[in-house]
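In what follows, a structure is listed as structure tokens, so that the remarks can point back to it.
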Amino acid sequence: MAQSHLSELDAAQEFAGFASNPAPLLVAQFERIAREEMQALPFYHATMPIVAECTLFEGQWLGCVLTPWMLSVVLLPGPDQLWPVRSNSDRLALQLPCGNMTFMVGELPESGQLLSCSLMSPLDPHLGAGEGRALVSSTLKMLLSLPVQQGAGGVDLGRRRLFGARRGQPA
């Protein structure tokens, strides 16, 4: 009997992954958040669309999300995965092909917990809608790319360097 209780407890502390690409669900949730909570904020970029792209990476959904207030990398459990429930705002350092990134545990009403790493918040006010859409695809490709240069201290692909290189500044 005690063993059954432990199994129920373990099940309550885990959540299942997404069988299919969660990008449409992310877009729908962020559209709702934009309408209900964000539009009145001074840094809200009204002409920026909400865009999400996700791809499977090592069995998990790695994605990039653009909203009128931020650009973030997200990670969600993939098909057949069970993730432990974590405390919101916990931080996890993860290694991606582009280098190490620190993610924060967050939660959305319909999709549950996810890991996110903010790349730009608030958005550059001069960023156009077309540039924003292209930035989502480019960022996702860069996340999955191996670094081409390694400095004396190892690979340094922090957020500033990542976007410095995008603007044509030296990396």
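Read-outs throughout are calculated quantities, based only on the coordinates presented, and are distinct from any laboratory measurement. From a predicted model like this one, the values you see are computed outputs, not experimental measurements. Glycine gets a Cβ as well: all are built from the backbone with ideal geometry, and neighbour counts include every protein chain shown.
Quick notes on this one:
- Residues that are in contact with a Phe, Trp or Tyr (Cβ under 7 Å, 6 or more places away or on another chain) and farther than 21 Å from L76 by Cβ were ranked within segment 97-134; the one that is surrounded by the fewest Cβ atoms within 10 Å (Cβ to Cβ) is P122.
- Screening segment 37-101 for strands (runs of 3 or more DSSP E) wholly inside it with 1 or more residues that are more than 27 Å from E131 (Cα to Cα) and among the basic types (K, R) returns the ranges 91-96.
- Pair list, Cβ < 6 Å and 6+ apart or interchain, from segment 114-141 residues that are under 19 Å from P42 (Cβ atoms) to residues that are polar (S, T, N, Q) and surrounded by 13 or more Cβ atoms within 10 Å (Cβ to Cβ): S118/S72
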